[in-house]
Amino acid sequence: MLPILQNTIIKIFLPQDILDQISTEEKRKRVCVVAVTLIAIPFLLGYGIVHLSMGEGIENSMADLLTAGLFIATLVFLRTDVDGRIAYRTAMAGFTFLLFYNVVIGLYQGSDILWLYIYPLVAFFLFGVREGFMWNGFLLGFISQELR
C-alpha cells in the first residue's frame, strides 16, 4: 500500500519533466517539503476550524488557515517550477509566521517555543548557510523583541 501511495504522491506533486532537470539533492528537498506540507495542511485546516468553532477568535483561526494556504501554494510552486527556491521560501514564510504568531500570543502556553529547536535545521537544510542564518536571525530577532 505504501509504495502505491508514494508513487501517486510523486506523480502528482513531482512531475517527471521537472525531476529530470533537477539534482539528487534538490529531489531530496522536494520530497521532504511535499511530505511535511501534505501532513501539515490537514492539521492546520483542522486547527483553524476548531479555533473558529470554539470561539477563540478569528485571529487564531486565520493564522492557521493562512499558513495552510501558504503550504498549498508551496505544493503548486513545486509542481510547476524547476527552481524550488520560491516554494521553499513560501513554506518557510508560513512556518515562520505561524511560529512567531503562536509564540508571541502564547497560544499553547509557551510550548510552541520548542519549535525553535527544529527551525534552524529546516532553514539550513532548505537554504544553506548564508540564507539559513538570515531566516534564523529574522525569526529570533523578532521573537526576542516580543518576549522582553
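Which one is surrounded by the fewest Cβ atoms within 10 Å (Cβ to Cβ) among residues in region 13-43 that are touching a residue at least 60 places away in the same chain (Cβ under 8 Å) and not in a loop (DSSP other than H, G, I, E, B)?
Checking each candidate, the answer is CYS32.
Tell me, please, whether a residue that is under 16 Å from GLY94 (Cβ atoms) and among the aromatic types (Phe, Trp, Tyr) can be found in region 8-28.
The answer is no; no qualifying residue exists.
Return the pairs, sorted by first residue and then second, in which the second residue is acidic (Asp, Glu) and assigned to a helix (DSSP H, G or I), the first residue lies in region 82-95 and is over 15 Å from ILE41 (Cα atoms) and in contact (Cβ under 8 Å) with a residue 24 or more places away in the chain, the beta carbons are less than 7 Å apart, and the residues are 6+ apart or on different chains.
Matching pairs, first to second residue: GLY84/GLU26.
Can you confirm whether TYR47 is crowded, with 17+ Cβ neighbours inside 10 Å, aromatic (Phe, Trp, Tyr) and over 14 Å from the mean Cα position of the chain (by Cα)? Walk me through how you get there before you give the answer.
Details: crowded, with 17+ Cβ neighbours inside 10 Å: yes; aromatic (Phe, Trp, Tyr): yes; over 14 Å from the mean Cα position of the chain (by Cα): yes.
Here the answer is yes, as TYR47 does meet what is asked.
Listed residues LEU52, LEU78, LEU45, LEU66; which is of a type outside the set (Phe, Trp, Tyr) and closer than 24 Å to PHE142 by Cα?
The unique qualifying residue is LEU66.
Aliphatic (A, V, I, L, M), modelled with pLDDT under 85, out of contact with any His (no Cβ under 9 Å at 6 or more places or on another chain) and surrounded by 18 or more Cβ atoms within 10 Å (Cβ to Cβ): does that describe VAL122? Reasoning before the result, please.
Details: aliphatic (A, V, I, L, M): yes; modelled with pLDDT under 85: no; out of contact with any His (no Cβ under 9 Å at 6 or more places or on another chain): yes; surrounded by 18 or more Cβ atoms within 10 Å (Cβ to Cβ): yes.
No.
ALA73 - would you say it is at negative phi and within 12 Å of the chain's Cα centre (by Cα)?
yes
Output the number of the condition that ALA68 fails; it satisfies all remaining conditions of (1) at pLDDT 90 or above; (2) closer than 16 Å to LYS29 by Cβ; (3) not β-branched (Val, Ile, Thr).
(2)
The values are calculated or read from the model by the stated rules, or taken from the named source; none is laboratory data. The shown structure was predicted, so the numbers you read here are calculated from the model rather than taken from an experiment. Every residue, glycine among them, receives a Cβ derived from its backbone with ideal geometry; neighbour counts consider all protein chains shown.
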